[in-house]
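Working notes, structure below.
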Amino acid sequence: MTSQLDWKHVNFSNSDDTAWVRDQSGVSPIVVEALLSDESRPRALHIEDGILVILRGINLNSGSDAEDMISVRLWLERDRIISASRRPLKSLDILRQQRKQGHGPASPASFAIQLIDTLSDFIGEVTDGIESRLDQAEDRVNEAGSILKNSPFSVLRRQSARIRRYLAPQREALDNLARYPEPIFNEAQAAELREQTNRITLMLEDLDLVRERALVAQEEFLGMIAYQQNTRMLLLSIVAAIFLPLSFLTGLMGMNVAGLPGTENHWAFSIIVILMTVIAVLILLVFRARKWL
């Protein structure tokens, strides 16, 4: 970053940085509260001679979920920029590194556009990754046994929903900047903002499609599981239906009381076995005739 640009970055969870913003930055109270607020929603506001921009970026910190997006706040003036965040953001680190190397953006407008472009790059990578994992899950949807223990569809839907939560207002913020670029952005930079708005719109459409595809695949997967369970229950029911009359017959003939037929006939056991076999075959034929098998 060249020497013409006055860039101050603050961590609004740090008490010294917070005190500087409140007492020494010289910005209006509205901007101070927006820069230091614990909760934020992406938006763009024109305040006096500056523009307040609040955006969200992908969380690439170790051990964090990418969809737990990090808030970055920008206060843009003609010759100064104040940025604020609570957690490290890789997009800001890239700009900081460029500044050290002496070839970063030279104005608040170019700083904002480059930051927006870098944020969109990382969001696009995560969106592409979600789509790729969904493609793999859909290819394996017929392998119900491998998906049963850890179905990815609900996870992908939650990830896409959390990212979309911030992308929708972020698109509105960029659209607002593109339509009302003055006094910070010129017409060429406003055109770049419109392109970034269109880029975010395409990402939103991709995320919407991911949610719909994941929902359809989840329903298909659950249908396959239900079908398998019904098939198993049908098999158990058939086995029970076959052995129920056979169990009744064996229980009846196995009573240890006087007067049972065949107790003196050495052919009695064979007759009972043949009778039970005939009953089982008849039951199977009835099931086949009713198309239960």
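The values are calculated or read from the model by the stated rules, or taken from the named source; none is laboratory data. All figures in this text were calculated on a predicted structure; none of them were measured in a lab. FYI the Cβ positions are ideal-geometry reconstructions off the backbone, even for glycines, and counts take in every protein chain you see. The accessibility values were calculated without ligands, DNA or RNA, using every heavy atom of the protein model including side chains. Shrake-Rupley method; radii C 1.70, N 1.55, O 1.52, S 1.80 Å.
Tell me the residue from 102, 63 that is at positive phi, without any contact (Cβ under 8 Å) to a residue 24 or more places away in the chain and open to solvent by 10 Å² or more (accessible area, probe 1.4 Å), please.
63
Do you know which residues across the stretch 85-95 are under 20 Å from residue 25 (Cα atoms) and open to solvent by 70 Å² or more (accessible area, probe 1.4 Å)?
Hit for the stretch 85-95 is 86, nothing else.
Quick one: how many residues across the stretch 177-195 are of a type in the set (Asp, Glu) and under 15 Å from residue 111 (Cα atoms)?
Residues meeting the conditions: 1.
Give the residues of the stretch 231-257 that are open to solvent by 100 Å² or more (accessible area, probe 1.4 Å) and either within 14 Å of residue 287 (Cα to Cα) or in a helix (DSSP H, G or I) (or both), sorted by residue number.
232, 233, 235, 236, 243, 244, 248
Scan 63, 26, 50 and give me the residue that is farther than 20 Å from residue 113 by Cβ, more than 35 Å from the chain's Cα centre (by Cα) and of a type outside the set (Val, Ile, Thr). Write out each step before concluding.
Working: 63 fails: more than 35 Å from the chain's Cα centre (by Cα); 50 fails: farther than 20 Å from residue 113 by Cβ.
Criteria check complete, one pass: 26.
Here's the yes/no breakdown for (1) exposed (fewer than 14 other Cβ atoms within 10 Å of the Cβ); (2) touching a Leu at 6+ places or on another chain (Cβ under 7 Å):
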residue	(1), (2)
52	no, yes
67	no, no
70	no, yes
79	yes, no
83	no, yes
107	no, yes
119	no, yes
139	yes, no
162	no, no
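Let's see how each residue does on (1) assigned to a strand (DSSP E or B); (2) over 30 Å from residue 160 (Cβ atoms); (3) of a type outside the set (Gly, Ala, Ser); (4) modelled with pLDDT of 95 or more:
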| site | (1), (2), (3), (4) |
| --- | --- |
| 22 | no, yes, yes, no |
| 27 | no, yes, yes, no |
| 35 | no, no, yes, no |
| 46 | yes, yes, yes, no |
| 53 | yes, no, yes, yes |
| 64 | no, no, no, no |
| 67 | no, no, yes, no |
| 74 | yes, no, yes, yes |
